[in-house]
Amino acid sequence: MPDAATSLNVRAALDGVRVIDIKGDITAASEDVLMDAYGRASESGARVITLNFTDLDYMNSGGIGLLVTLLVRAQRNRQQMLAYGLSEHYRQIFELTRLDEAVGIHDTEADALAAAGGS
């Protein structure tokens, strides 16, 4: 059963690029719903997975751990991972955890898709 505090939508943005829209919280309890969304995004052979954090309410260390797991899966599948819509607080967390070195961080969806289109 999905975590009621988390809602994820998967959509095609460009050929080979899928966006996972995150709404609510990302915590350890979000594992099933996040991995399911990643699976749906990957089914079509996506080469770029873009995480939309615009409607993120809260993320804790368990949620960061899930993002690391997601990143490892994406790397194994030779997929690039991008993100946009992070608040300043969560940008700092990405920097502290060095996730920003593996995940391309962008301000807007247009910026992320421009980067995805050039990859």
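Relative contact order for the chain: what percent, with Cα pairs under 8 Å and sequence separation of 6 or more? Display every interim value, and only then the final one.
Working: 199 pairs, mean separation 28.0, N = 119.
It comes to 24 percent, rounded to a whole number.
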In segment 32-119, which trypsin sites (Lys or Arg not before Pro) fall in coil by DSSP and have 12 or fewer other Cβ atoms within 10 Å?
Arg78, Arg98
What is the pair-distance distribution P(r) of segment 6-111, computed from all Cα-Cα distances in 10 Å bins starting at 0, with each bin given as a whole percent?
16, 56, 28, 1
Report the net charge of residues surrounding Ser42, where surrounding means a beta-carbon distance below 9 angstrom and charges are Lys +1, Arg +1, Asp -1, Glu -1.
+2
In nm, give the distance between the simple-model label positions of Arg76 and Met35, each being 7 Å from the Cα along the Cα-to-Cβ direction.
1.0 nm
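Around Glu109, under 14 Å between beta carbons, what's the net of Lys plus Arg minus Asp minus Glu among the other residues?
On the way: positive: Arg11, Arg18; negative: Asp21, Asp55, Asp107, Asp111.
Combined, the nearby Lys, Arg, Asp and Glu give -2.
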Segment 40-87 and segment 3-38 have their Cα centres apart by a whole-number Å value of 8 Å
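Bear in mind that the values in this text are calculations on the coordinates, not laboratory data. In this text, all values refer to a predicted model and were calculated from it rather than measured experimentally. When we count neighbours, we look across all protein chains shown, and the Cβ atoms used for this are built from the backbone with ideal geometry, even at glycine.
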